[in-house]
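S.K.: Mind having a look at this structure? Questions to follow.
The values are calculated or read from the model by the stated rules, or taken from the named source; none is laboratory data. As the structure is a prediction and not an experimental result, all values here were calculated from the model. Surface accessibility is based on the protein's heavy atoms, side chains included, excluding ligands, DNA and RNA. Shrake-Rupley method; radii C 1.70, N 1.55, O 1.52, S 1.80 Å.
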Amino acid sequence: MTQSTSTFLAWLFRMPLIRRWSLMYCVKPENVAEHSHQVAIVAHLLAVIKNRLYGGTLVPERAATIALYHECSETRLGDIVSPVKYSNDQITNEFKKLEAAAEQQCLDSLPEVLREDFADLLIQQRVEPEYAAVVKAADVICAYLKAKDELAHHNHEFSHVVEKLEPKLADLRREPEVAYFLDVFLASCGATLDSLASPS
């Protein structure tokens, strides 16, 4: 059986080249690969918390895997900052169409025999709502942590980002697993290495 070649992995391995917050000055530059990795960790944690403490039935590994691929469209489009993407309804709708097309391109770059296994990971409209909600919460949390870190390094470019994300976090707190996560994990993310390494 003759195997055709695929560009799927080559595209995804370019994620470290895609800069996030591209129109903003960053003290610590961030790329899409590290962002996706962090979102995957947080999504996995949220799913475990939901299952263990609040009667959830999510598969944490699935939440993490969806998070790893949730920005796959950016391999084609780059990162579009929220103030541009959501500046008005027409622009938002057009970007959503572009993202959907880019996700489909990403799926089509796989060998046909593998596409069904990846369709509900890459095509965000096919992700089950309960998993999409967990990944979205993780995405907001990671953006907030990034913004707070930039502020801690005296980069006031991110002041408005924190202002916009705080109401979103407050809204997400209605989900008990998010409230638990924020109460237990958030504060230490801004700690110094010395304080992290010190005995409790």
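S.K.: Quick one: among Arg14, Arg115, Arg174, which has the greatest mean-square fluctuation in a GNM of the chain with alpha-carbon springs under 10 angstrom?
M.R.: Fluctuation is largest for Arg174.
S.K.: A further question on this structure: In percent, what relative contact order does region 1-109 have, based on Cα pairs under 8 Å that are 6 or more apart in sequence?
M.R.: Details: 106 pairs, mean separation 31.6, N = 109.
That works out to 29 percent.
S.K.: Next up: Which of Val135, Val162, Val178 ends up with the largest GNM mean-square fluctuation for the chain, with Cα atoms connected below 10 Å?
M.R.: Its mean-square fluctuation being the largest, the pick is Val162.
S.K.: Can you tell me how region 20-93 classifies by the Cα gyration tensor, rounded, prolate or oblate, using a/c under 1.5 as the rounded cut?
M.R.: Working: a/c = 2.40, a/b = 1.83, b/c = 1.31.
Taking the square roots of the gyration eigenvalues as a ≥ b ≥ c, region 20-93 is prolate.
S.K.: State in Å² the accessible area per residue of the chain; use a 1.4 Å probe, count heavy atoms of protein chains only, and round to the nearest integer.
M.R.: Working: 11830 Å² over 200 residues.
Counting only protein heavy atoms, the per-residue value for the chain is 59 Å².
S.K.: Amide H to amide H under 5 Å from Asn31: which residues, 5+ apart in sequence or cross-chain, H placed 1.01 Å off N in plane?
M.R.: Answer set, sorted by chain and number: Arg20.
S.K.: Same structure, new question: Which of the lysines could a cross-linker span from Lys97 if the Cα-Cα distance has to be under 26 Å and same-chain partners fewer than 8 positions apart are dropped?
M.R.: Lys85, Lys136, Lys164, Lys168
S.K.: Through the Karplus equation 6.51 cos²θ - 1.76 cosθ + 1.60, θ set to phi - 60°, convert the phi angles of region 31-46 into ³J(HN,Hα) values in whole Hz; use x for Gly and Pro.
M.R.: My calculation for region 31-46 gives 10, 5, 5, 5, 4, 4, 5, 5, 4, 5, 4, 5, 4, 4, 4, 4 Hz in order.
S.K.: Plugging the Kirkwood radius over Cα pairs into Stokes-Einstein for region 105-175, at a temperature of 20 °C and a viscosity of 1.002 mPa s, what D comes out in µm²/s? Don't skip to the end; give the middle numbers.
M.R.: On the way: Rh = 14.4 Å.
It comes out at roughly 148 µm²/s.
S.K.: Could you tell me whether region 1-151 comes out rounded, prolate or oblate from its Cα gyration tensor? Rule is a ≥ b ≥ c as square roots of the eigenvalues, rounded for a/c under 1.5, then prolate if a/b exceeds b/c, otherwise oblate. Please list the in-between numbers first.
M.R.: Numbers: a/c = 1.57, a/b = 1.09, b/c = 1.44.
Here region 1-151 falls in the oblate category.
S.K.: Using just the helices of the chain, give the 222 nm mean residue ellipticity in deg cm²/dmol: DSSP H runs with n ≥ 4 each add -39,500 (n - 2.57), and the total is spread over all residues, rounded to 500. Intermediate results must be reported in sequence, preceding the final value.
M.R.: Working: 11 runs with 127 residues, N = 200.
Estimated from H runs of four or more residues: -19500 deg cm²/dmol.
S.K.: Output the direction-averaged projected area (hull surface divided by four) of the convex hull of the alpha-carbon atoms of region 63-200, in nm².
M.R.: Working: hull surface 43.0 nm².
Average of the hull's projected areas for region 63-200 equals 10.7 nm².
S.K.: Got a sec to turn the phi values of region 148-161 into Karplus ³J(HN,Hα) couplings, 6.51 cos²θ - 1.76 cosθ + 1.60 with θ = phi - 60°, whole Hz, x for Gly and Pro?
M.R.: Values per residue, Gly and Pro as x: 5, 5, 4, 5, 4, 9, 6, 9, 6, 4, 9, 4, 5, 5 Hz.
S.K.: In addition: Report in % the part of the accessible area of region 107-153 that belongs to carbon and sulfur, leaving out ligands and nucleic acids; probe 1.4 Å. Walk me through the intermediate numbers first.
M.R.: Values: 1230 of 2280 Å².
Taking all protein chains in place, region 107-153 shows 54 percent carbon and sulfur surface.
S.K.: List, in order, the whole-Hz ³J(HN,Hα) value for each residue of region 109-124 obtained from phi through the Karplus relation with A = 6.51, B = -1.76, C = 1.60 and θ = phi - 60°; use x for Gly and Pro.
M.R.: 3J(HN,Hα) across region 109-124, in whole Hz: 7, 7, x, 4, 5, 9, 5, 5, 5, 9, 4, 8, 9, 8, 8, 4.
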